[in-house]
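> Sharing a structure here in structure tokens format.
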Amino acid sequence: MDRREALKLSLLAGAGLVAGQANAQQQACPGDGTPLQFIPKKPADPQANVNDIEKYPKCPYCGMDRKQYHHSRMLIQYSDDLADGTCSLHCGAISLSLNVDREPKAMWVGDNAAAGDVKPLVEVDKATFLVGSKLPGVMTANSKVAYGTEEAAKAAQAANGGELVKFDQALLAAYTDMSKDVTRIRKMRAERRKKMMEQQNKG
């Protein structure tokens with residue numbers, strides 16, 4: 001076999017491999033290119049809020065540990081009982097925008113008015129949010145902290161500043177902050193990767 005024939009065969013084999021990989025990807029993700037690619041991946045659960053951290057341990061949008069961020073976590077249950085467990089209102093806003101054709105059935109957030117090592121969930125409509133205080137934010141520089149009672153929210157405001165709002169206003173603030181927050185997160189992660197590479201090169 002001459003070099004020309006060998007090259008032709010290798011190109012054909014490569015094309016077949018690429019086509020095979022593409023077919024495999026299409027079979028694995030049949031909803032790619034449609035809104036179906038964004039649907040929550042966990043099975044439908046009418047009681048998604050029961051043991052939510054165990055059922056949804058990682059945020060599907062940033063990969064953060066929801067137990068570690070129990071105080072800021074959010075849970076969105078759609079009308080078909082599929083649920084998204086996120087680390088924060090920031091990632092909850094992403095879920096709501098990606099699943100625009102799905103109607104939210106119920107939404108919860110970590111209740112910072114409650115005591116305990118893991119904050120319980122409270123329905124977002126029953127929560128008061130403290131926005132823009134000195135308290136640290138999760139996935140955002142402009143913190144948004146939820147409290148199950150207005151009294152606890154007012155006490156936190158007195159100590160840390162910020163504005164008390166209801167969920168719709170807090171969600172609007174999350175969308176308003178999204179561009180700056182994503183830029184900041186991207187920069188932080190790039191710097192982290194750079195430091196890791198430098199450490200590996202030294203080793």
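> Is segment 156-195 rounded, prolate or oblate when judged by the Cα gyration tensor, a ≥ b ≥ c being the square roots of its eigenvalues, rounded requiring a/c under 1.5 and prolate requiring a/b larger than b/c? Don't skip to the end; give the middle numbers.
Details: a/c = 4.86, a/b = 1.92, b/c = 2.53.
Here segment 156-195 falls in the oblate category.
> Continuing with the same structure: Can you compute the label reach from Ala159? Point 7 Å from Cα along the Cβ direction, backbone N cut-off under 16 Å, restricted to segment 110-124.
Hits in segment 110-124 for Ala159 at 16 Å: 111-117, 119.
> So, one more: Return the distance in nm (one decimal) between the two label points of a simple spin-label model at Thr34 and Asp81, each offset 7 Å from Cα along Cα→Cβ.
Using points 7 Å along Cα→Cβ, the separation is 2.3 nm.
> So for the pair Ala190, Ser97, with labels modelled 7 Å out along Cα→Cβ, what separation do we get in nm?
Once both label points are built, they end up 2.0 nm from each other.
> Could I ask something else about it? Cα convex hull of segment 35-202: how many Å³ per residue?
136
> Output wanted: per-residue J couplings in Hz (rounded whole) for segment 45-53, from phi through Karplus 6.51 cos²θ - 1.76 cosθ + 1.60, θ = phi - 60°, x for Gly and Pro.
8, x, 10, 4, 7, 7, 6, 5, 5
> Using θ = phi - 60° and the Karplus curve 6.51 cos²θ - 1.76 cosθ + 1.60, what whole-Hz ³J(HN,Hα) does each residue of segment 74-86 get, with Gly and Pro shown as x?
Calculated HN-Hα couplings, in order: 9, 9, 10, 10, 8, 5, 8, 6, 6, 10, 10, x, 10 Hz.
> For the pairs Lys55/Lys187; Lys105/Lys180; Lys42/Lys195; Lys134/Lys154; Lys180/Lys202; Lys67/Lys126, note any where the Cα-Cα span goes beyond 25 Å.
Lys55/Lys187; Lys105/Lys180; Lys42/Lys195; Lys180/Lys202
> Could you sort 136-144, 191-199 so that the peptide with the highest average Cβ count within 10 Å comes first and the rest follow in order?
136-144, 191-199
No value in this document is a laboratory result; all are computed from the given coordinates. What you are looking at is a predicted structure, and each value in this text was computed from that prediction instead of being measured. With ideal geometry, Cβ positions are generated from the backbone for all residues, glycine too; neighbour counts draw on all protein chains shown.
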